[in-house]
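Presented below is the structure to which this report refers.
Just so it is clear, none of the values below were taken in a lab; they were calculated from the coordinates. Because the structure is predicted, anything quoted here is derived from the model rather than measured. Cβ coordinates were reconstructed from backbone atoms using ideal geometry, including for glycine residues, and neighbour counts include every protein chain displayed.
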Amino acid sequence: MLHWIFTTGLLQTILAYLATAAFGVLLNIPRRALNLSGWVGAAGWLTYEALYQVLPTTINIKLAIGNLVAAVVIGVFSGLAAHYKRMPMIIFNIPSLVPLVPGGQSYRVVRNLVTGHPAIANQYLAQVVIIAGVIAIGFLLAEFINRLLWQLRH
Amino acid sequence: MTDANLLMNTTLLAGAILLENGAEIARVEDTMQRIATNAGYPDAQVFVLLTGITVSLPTVAASQVRAIHQRGMDLEKVDQVNTLSRRYADHEIDLPAFATALAHVNQAVPTFPLSWLLVAALIVSVTLMVAFTGHATLIDLTTCAVAGVVGFAAFFAINRIGRIRFLSEFVGAFLIGLVTLISFWISHGHLHPDAIIIGAVMPLVPGVAITNAVRDTMTGNLLSGPARAIEALLSACAIGLGIALTSIFY
């Protein structure tokens with residue numbers, strides 16, 4: 001595990017940081033938020049990747065748990081970042097989702113349907129539903145934690 | 001109590017900017033309600049759908065509607081509306097100044113020049129291809145970079161020229177497939193087309209829209225959530241079809 005963190009984990013963190021910051025540029029987020037949102041995205045993706053390595057279950061359950069915890073991490077960190085920079089939360093949590101979000105799977109569903117592989121399309125469709133649902137639940141949990149943190153502080 | 005007409009216009013404009021630039025329904029409703037409350041109408045009724053917003057003030061028996069025809073993603077504008085609404089709540093600016101500032105936000109030009117956007121599309125494509133698939137040979141990296149930039153440039157250009165919906169996604173995806181196909185021929189098949197395409201389509205795919213659809217539905221917006229999902233489904237179809245047209249050849 002330690003070896004994984006210092007090789008693949010480190011590389012994946014850097015990749016996710018770059019991807020999130022660059023996606024932030026595409027979504028036209030304010031420049032002063034780019035760096036921080038990159039780190040929020042990196043934290044979320046590292047959580048997901050680590051859980052994906054550790055969990056001993058089937059792919060769909062790995063996806064569900066990994067994305068759920070990663071969404072909670074992103075939600076809580078975006079809440080803190082939004083409070084720190086006095087900006088709305090979506091400036092941090094929308095770009096940070098880019099590695100997790102089921103965009104690739106949604107396109108694969110259509111592509112496999114069109115090219116005549118309905119069974120594979122079905123698998124990807126299940127993944128789209130699982131990931132999107134789990135991220136939404138993760139954000140709800142994160143909002144709850146953010147409110148708890150806020151009440152503890154006051 | 002302030003001028004009801006100006007208040008309704010300002011509230012609608014703030015809501016419209018938020019909705020047109022990627023905010024969730026709950027945030028739009030919350031912001032509009034706050035503006036009305038701060039202006040002295042705590043009983044204002046705000047009703048937000050994905051395609052139109054309504055605000056009505058029962059005390060003066062007045063209401064207004066505003067239709068929303070296009071939705072994109074521009075978080076800078078969301079941030080600016082948020083800042084303005086916060087300053088209005090702190091009494092730093094009055095309602096007329098708020099209204100003028102909002103109109104200004106709506107016409108503001110994007111902060112990042114086109115060259116930045118193209119570089120960003122390149123970075124998103126290449127980094128996510130490596131992160132998702134682990135393929136990083138030289139030919140994979142270069143093809144993915146070219147495909148990602150070409151696809152996004154086409155997507156951006158068509159969005160600029162005309163408002164034909166889903167055509168931009170389709171053409172962008174088609175060009176990504178074409179670049180991959182050409183590279184496939186040049187390198188005699190020594191590359192991973194699936195990995196390249198999954199990276200290159202990342203700037204275009206409606207992943208955020210799908211997640212927002214679920215989030216909107218979960219906050220009780222049972223009309224807007226599914227509507228967003230259909231919009232996302234159509235753009236996924238456009239991209240999937242664009243890629244499928246060229247993927248027959250390998």
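Before moving on, here are some points about what is shown:
- In Å, descending, principal axis extents of the Cα set of segment A:2-153: 53, 34, 32
- Each distinct pair of alpha carbons in segment A:92-154 adds a 1/r term; the inverse of their mean, the Kirkwood radius, is 13.5 Å.
- Mean shadow area of segment B:114-247 over all directions, Cα convex hull, nm²: 8.6 nm²
- Screening chain A for whole DSSP H helices of 18 Å or more along their axis (Cα) with average Kyte-Doolittle hydropathy at least 0.0 returns A:10-26, A:34-54, A:59-85, A:118-153.
- The residue list B:G52, A:A19, B:M8 was ranked by how far each Cα lies along the charge dipole of the protein assembly as shown toward its positive end, using unit charges on Cβ atoms, and A:A19 comes out on top.
- Rg/Rg_globular for the protein assembly as shown, with Rg_globular taken as 2.2 N^0.38 Å and Rg from C-alpha atoms: 1.01
- Relative contact order, percent, segment B:4-107 [alpha-carbon distance under 8 Å, six or more residues apart]: 32 percent
- Residues listed by number, segment B:101-136, amide nitrogen under 12 Å from A:Y52 label point at 7 Å toward C-beta: B:128-135
- Reference-scaled alpha-carbon Rg (2.2 N^0.38 Å with N residues) for segment A:17-64: 1.44
- Residue by residue along A:118-124, Cβ atoms of other protein chains within 10 Å of the local Cβ number 0 on average.
- Point-to-point label distance, B:N5-B:L223, nm (Cα→Cβ direction, 7 Å offset): 2.7 nm
- Per residue of B:198-209, other chain Cβ atoms within 10 Å of the residue Cβ number 6 on average.
- Computed about the Cα centre, the dipole magnitude for segment B:32-118 is approximately 200 debye when only Lys and Arg (+1) and Asp and Glu (-1) carry charge, each at its Cβ.
- Projecting label points 7 angstrom from Cα along Cα→Cβ for B:F47 and B:A62 puts them 1.9 nm apart.
- Sites B:F249 and A:M1 - FRET efficiency at Förster radius 41 Å, r taken between beta-carbons, to 0.05: 0.40
- Rg and Dmax, both from the Cα atoms of segment B:200-250 and both in Å, are 13.5, 45.
- Exercise: per-residue mean of other protein chain Cβ atoms within 10 Å, A:79-91: 3
- Here the residues A:M87, B:M73, B:M202, ranked from fewest to most Cβ neighbours within 10 Å of their Cβ, fall in the order B:M73, A:M87, B:M202.
- When you count the other C-beta atoms within 10 angstrom of each residue and take the mean per peptide, B:83-92, B:62-71 line up highest first as B:83-92, B:62-71.
- Helices in chain A, meaning DSSP H runs of at least 4 residues, each add -39500 (n - 2.57). Divided by all residues, the mean residue ellipticity at 222 nm is -27000 deg cm²/dmol.
- Gaussian network model of chain A, springs between alpha carbon atoms under 10 Å - residue of A:L11, A:L80, A:L63 with greatest fluctuation: A:L11
- Placing unit charges on the Cβ atoms of the charged side chains and taking the dipole of chain A about its Cα centre, the candidate lying farthest along the positive direction among A:W150, A:V76, A:M87 is A:M87.
- Dipole size of segment B:143-250 about its Cα centre, with +1 on Lys/Arg Cβ and -1 on Asp/Glu Cβ: approximately 240 debye, rounded to the nearest 20.
- Near B:H192, no amide H atom lies under 5 Å from its own; only residues 5 or more places off or on other chains count, and H is placed 1.01 Å from N.
- Relative contact order (%) - criterion: Cα under 8 Å, at least six apart; region: segment B:114-247: 30 percent
- Taking only the C-alpha atoms of chain B, Rg followed by Dmax gives 21.8, 74 Å.
- GNM top mover of A:V129, A:V40, A:V73 - chain A, alpha-carbon springs below 10 Å: A:V129
- Take the convex hull of the alpha carbons in segment B:4-107; its mean projected area over all directions comes to 5.6 nm².
- Estimated distance in nm for a label pair at B:H188 and A:R31, the labels positioned 7 Å out from Cα along Cα-to-Cβ: 4.9 nm
- Relative contact order for chain B, counting Cα pairs under 8 Å that sit 6 or more residues apart, in percent: 17 percent
- Annotation: peptides B:188-199, A:98-109, ranked by per-residue average of other Cβ atoms within 10 Å with the highest first, follow the order A:98-109, B:188-199.
- GNM result for chain A, Cα springs below 10 Å: residue of A:F92, A:F23, A:F144 fluctuating most strongly: A:F144
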